[in-house]
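Take a look at the structure below.
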Amino acid sequence: MRILLTGGSSDIGREFAIHRFNEGDEVFLTASNNKSLQSNKDYFKKKNISINHILFNFSSPEESTESIQDIFNSGGLDALILNAWSRNNILKRFHNENFLETKEYLEKNLFGNMWLIHTVLPHMVENKFGRIIFISSISTEIGTGRYAKYIIGKSALEGLVKNLAVDYGKYNILSNTIKLGLFKTSRTENFWKDETYQP
């Protein structure tokens with residue numbers, strides 16, 4: 001399969017890419033800026049793994065139209081794995097969040113992902129085949145303290161994915177959400193070093 005995977009600079013994104021490569025898939029991995037792009041290239045080169053790299057800025061997704069179109073022109077796209085999400089390093093209770101910053105955070109993450117889904121769907125409908133997988137979080141089920149804006153965005157996309165499953169299943173486009181728990185990655189270090197989150 002030909003897979004577009006977002007969030008390639010994260011530990012989990014890189015592991016997804018390696019796994020799919022080992023399964024024989026052709027992987028297109030996004031990075032949000034040139035620094036991340038080069039970091040990804042260096043990382044996979046050391047592992048002798050062939051991954052395609054593209055720039056995709058979630059804050060201005062329309063700027064990436066040409067890069068996404070190149071994937072379609074070069075052989076199409078079978079699957080979209082939505083793994084990218086902005087870091088939320090400064091945790092606050094919702095009433096302490098700056099409302100405009102929260103709005104900007106949601107526009108970047110929520111609408112960036114929506115744009116990407118909206119862009120790939122017509123091609124999947126035409127091909128009568130597609131797989132859309134959204135990497136969410138168990139936090140949308142159980143709640144996580146001082147993580148309100150993260151949960152707002154993830155929950156909204158979960159709802160969209162359910163809608164996609166209903167509307168596009170007849171085109172052989174399957175849509176699913178995977179809710180991850182707490183993995184030991186660099187992004188979750190603040191949590192797994194906290195005794196509160198230990199088993």
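Placing a pseudo-label 7 Å from each Cα along the Cα-to-Cβ vector at residue 48 and residue 172 gives an inter-label distance of 3.6 nm.
Each of residue 33 and residue 11 was given a label point 7 Å from its Cα along the Cα-to-Cβ line. The distance between the two points is 2.2 nm.
Ranked from highest to lowest mean number of other Cβ atoms within 10 Å per residue, what is the order of the peptides 102-108, 141-147? Provide the component values of the computation, followed by the final result.
Numbers: 102-108: 15.7, 141-147: 12.9.
Order by mean packing, descending: 102-108, 141-147.
Solvent-accessible surface of the chain, averaged per residue with a 1.4 angstrom probe and all protein chains in place: 56 square angstrom. Please report the net charge: other residues with Cβ closer than 14 Å to the Cβ of residue 148, K and R +1, D and E -1. The answer is +4.
With 23 Å as the limit, the listed pairs 41/149; 41/128; 149/179; 47/154 have 41/149; 41/128; 47/154 beyond it between alpha carbons.
Could you give the C-alpha radius of gyration of the chain expressed as a fraction of 2.2 N^0.38 Å, taking N as the number of residues it contains?
Numbers: Rg = 17.0 Å, N = 199, 2.2 N^0.38 = 16.4 Å.
With N residues counted in the chain, Rg over 2.2 N^0.38 Å equals 1.03.
Given the range 1-109, report the % of alpha carbon pairs whose separation exceeds 19 Å. It would help to have the intermediate numbers written out before the result.
Numbers: 2832 of 5886 pairs.
Roughly 48 percent, rounded to a whole number.
The values are calculated or read from the model by the stated rules, or taken from the named source; none is laboratory data. If you're wondering where the values come from, they're calculated on a predicted model, not measured in any experiment. A quick note on method: Cβ atoms are made from the backbone with ideal geometry, for glycine too, and the neighbour counts reach across all protein chains shown. Remember, those area values only see protein heavy atoms, side chains included, never the ligands or the DNA or RNA. Shrake-Rupley method; radii C 1.70, N 1.55, O 1.52, S 1.80 Å.
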